[in-house]
Amino acid sequence: MTVQELGCYIDGAMYVPQSGEVVVVTSPATGEPIANVAIAGKHEVTMAVMAARRAQATWSEVGPWQRAEICHRIGEAIARRIDEFAELHTLEQGKPLSESIADIKEASQLYHLHAEDLLRFHGETMPSSDPKKRMFTFYRPVGTWAIITPWNFPVLMMAEFVAPGLATGNAHIVKPPTHTAMTVLATLECFEEAGVPSGLVNVLPGGGELGDLLVTHPDIDAVGFIGSSVTGARIQSRSGLKRTVMECSGNGPLIVCSDADLAKAAKAAVYGAYFCAGQVCCATERVLVDASVHDEFVSLCLSEAEKVRLGDPFDNDTMLGPLNNQEVAKKMDRHLADARAHGASILTGGGHKPGMPTDLYYELTVIDDVREEMLVAREETFGPVVPILSASGDEELLAVANRDPLGLQAAVFTESTRRAYFFMEKLRVGQVIVNDSTGFWDINMPFGGAGGSATGWGRIGGKYTLMEMSDLRTGVIDLS
């Protein structure tokens, strides 16, 4: 296998960082080295910020129809290479190839979506108390954004910011993690093909030190972040009064009411655990089941778990691939050890699968008799696990759900419209999905957290991101 030599992308060209620091990236599926990624530092941040600000000053004056056209071209260029990018993504990330294909396809669609959103993105006129005044609103770009993306959906989540950002006239410096930077850097050819002006999209792979250089830089106007609540809190404290859009950790829950379609709920719970190996902010992190249907639900969950095939992510029959990195595997180990020590029942799975190319292949795990104080219930495990807690009645299910501060996205299974509205209005989460998995996501829905800084603020998706990445301006004209 050819090992790629990768660096930064600044002002429309690849650039080898001055630091000399290189991270060797290995495939989670095979353990083989696949890339040497050179780490950006202070010098590269300075270069990228200068390029971005210079390009943004011109780009902000380009008309919306022209900006929309370029976004469409990016989407088309990515769509022509979905299979190529998906294979690269599976190689570096470890998720099944079918999931990678969906990721790249959705990234392509985001550029089309926001191109169309832009052409319907407008202000309004409003009456003034002074009859000689005319008041109206319009939008202007914020400026230069630092975009810090996670390793589970690197191309898709870059697009979640860069597509609406380009549409609204902004420039970007994207920091992907070093171990999933390959596909991000490869897709930059699509930006060049589409005619994106140099400097509007720059990519600097690196870790926390690089992120800190970006968010504290005086010429960075705003920060977009997707990742853990711990890192999000650190970014917020360091970025000061800069504009921020933060999408942080989630911890479910998936709520199964007494009148739920139990077979459908069990299938959704297991799907949310094996999709991307559970390494998703809206994965199945907690399942809260009404005590009256607990036993039947657990039995159905185990039946669904037996259908999940763990294996080579390039095999078409694989449903669950390896975890992406050792940090996640160690967290799984720690959470399961804590659950066992405090009396939980590991019904299936519970460890690394032997005989695989790496030790990142983790069995889909169903845990019963989980209590709120266990790590697997109060922290984001981020792995292929279905932790089941029991409660009696809607009020108790709600109370258990809301005691956790990681209120990102929840699912509720019920056949009652009244119950559906009860939970939609009372749960302290950003989104409530009724009768589908917590893993449900649509590129046109506003996505984000509620209940405080633990899940961040702002919304990603549809016209809402255009609003987040723009300044609302008010004009007042005196006609006297």
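Some points to look at:
- Residue within segment 4-18 that is without any contact (Cβ under 8 Å) to a residue 24 or more places away in the chain and in a loop (DSSP other than H, G, I, E, B) present: yes
- Single condition Gly462 does not satisfy, out of (1) of a type outside the set (A, V, I, L, M, F, W, C); (2) in the same structural domain as Glu124 (by TED's automatic domain parsing); (3) surrounded by 18 or more Cβ atoms within 10 Å (Cβ to Cβ); (4) modelled with pLDDT of 95 or more: (4)
- Within segment 145-171, no residue that is not assigned by TED's automatic domain parsing to the domain that holds Gly227 sits with its Cβ atom under 7 Å from a residue that is in a helix (DSSP H, G or I) and of a type outside the set (Val, Ile, Thr) at 6+ positions apart or across chains.
For every residue, the table says whether it meets (1) assigned to a helix (DSSP H, G or I); (2) closer than 30 Å to Tyr361 by Cβ; (3) free of Cβ contacts under 8 Å to residues at least 24 places away in the same chain.
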site: Val386; (1), (2), (3): no, yes, no
site: Leu389; (1), (2), (3): no, yes, no
site: Val412; (1), (2), (3): no, no, no
site: Glu415; (1), (2), (3): no, no, no
site: Tyr421; (1), (2), (3): yes, no, yes
site: Ser437; (1), (2), (3): no, yes, no
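- Any strands (runs of 3 or more DSSP E) falling wholly within segment 123-207 and containing at least 1 residues that are closer than 26 Å to Ile82 by Cβ: 144-148, 171-175, 201-203
- Look at (1) surrounded by fewer than 20 Cβ atoms within 10 Å (Cβ to Cβ); (2) out of contact with any strand residue (DSSP E or B) (no Cβ under 6 Å at 6 or more places or on another chain) and you find that Met424 fails only one, number (2).
- Restricting segment 20-31 to residues that are out of contact with any strand residue (DSSP E or B) (no Cβ under 7 Å at 6 or more places or on another chain) and in contact (Cβ under 8 Å) with a residue 24 or more places away in the chain, the residue that is surrounded by the most Cβ atoms within 10 Å (Cβ to Cβ): Pro28
- Test: residue in segment 367-375 that is surrounded by 20 or more Cβ atoms within 10 Å (Cβ to Cβ), more than 19 Å from Lys267 (Cα to Cα) and touching a residue at least 12 places away in the same chain (Cβ under 8 Å): yes
- Among the residues making up segment 247-305, those that are basic (Lys, Arg) and either assigned to a helix (DSSP H, G or I) or out of contact with any strand residue (DSSP E or B) (no Cβ under 8 Å at 6 or more places or on another chain) (or both) are Lys264, Lys267.
- Condition met for Ala68 (crowded, with 22+ Cβ neighbours inside 10 Å, aliphatic (A, V, I, L, M) and not in a loop (DSSP other than H, G, I, E, B)): no
- A Cβ distance below 6 Å, combined with a sequence gap of six or more or placement on separate chains, defines the contacts here; from segment 304-328, residues that are among the acidic types (Asp, Glu) reach residues that are part of a helix (DSSP H, G or I) in the pairs Glu304/Ala266; Glu304/Lys267; Glu304/Val270.
- Selection count where residues are surrounded by fewer than 21 Cβ atoms within 10 Å (Cβ to Cβ), in contact (Cβ under 8 Å) with a residue 24 or more places away in the chain, part of a loop (DSSP other than H, G, I, E, B) and on the phi < 0 side of the Ramachandran plot, scope segment 439-458: 4
- Hits in segment 256-288 - residues which are within 19 Å of Asn324 (Cα to Cα) and not aliphatic (A, V, I, L, M): Tyr271, Gly272, Tyr274, Phe275, Cys276, Gly278, Gln279, Cys281, Cys282, Thr284, Glu285
- Residue satisfying all of: in segment 19-58; within 26 Å of the chain's Cα centre (by Cα), of a type in the set (S, T, N, Q) and in a loop (DSSP other than H, G, I, E, B); nearest to Met356 (Cα to Cα) among these: Thr30
- Flag if Glu380 is modelled with pLDDT of 95 or more, in the same structural domain as Gly272 (by TED's automatic domain parsing) and of a type outside the set (S, T, N, Q): yes
- Residue in segment 393-408 that is under 18 Å from Ala268 (Cα atoms) and either hydroxyl-bearing (Ser, Thr, Tyr) or outside any helix (DSSP H, G or I) (or both) present: yes
- Pick from segment 213-230, criterion at pLDDT below 95 and surrounded by fewer than 18 Cβ atoms within 10 Å (Cβ to Cβ), ranking: nearest to the chain's Cα centre (by Cα): Ser228
To keep it simple, each residue is scored yes or no on (1) among the charged types (D, E, K, R); (2) in the same structural domain as Pro322 (by TED's automatic domain parsing); (3) in contact with a helix residue (DSSP H, G or I) (Cβ under 9 Å, 6 or more places away or on another chain).
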{"residue": "Asp11", "(1), (2), (3)": "yes, no, yes"}
{"residue": "Val23", "(1), (2), (3)": "no, no, yes"}
{"residue": "Ala35", "(1), (2), (3)": "no, no, yes"}
{"residue": "Gln56", "(1), (2), (3)": "no, no, no"}
{"residue": "Glu61", "(1), (2), (3)": "yes, no, no"}
{"residue": "Ile70", "(1), (2), (3)": "no, no, yes"}
{"residue": "Glu76", "(1), (2), (3)": "yes, no, yes"}
{"residue": "Leu91", "(1), (2), (3)": "no, no, yes"}
{"residue": "Ser108", "(1), (2), (3)": "no, no, yes"}
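The values are calculated or read from the model by the stated rules, or taken from the named source; none is laboratory data. Only a predicted model underlies this, so the values are computations on that prediction, with no experimental measurement involved. Don't worry about glycine lacking a Cβ; one is built from the backbone with ideal geometry, like all the others, and counts go over all protein chains shown.
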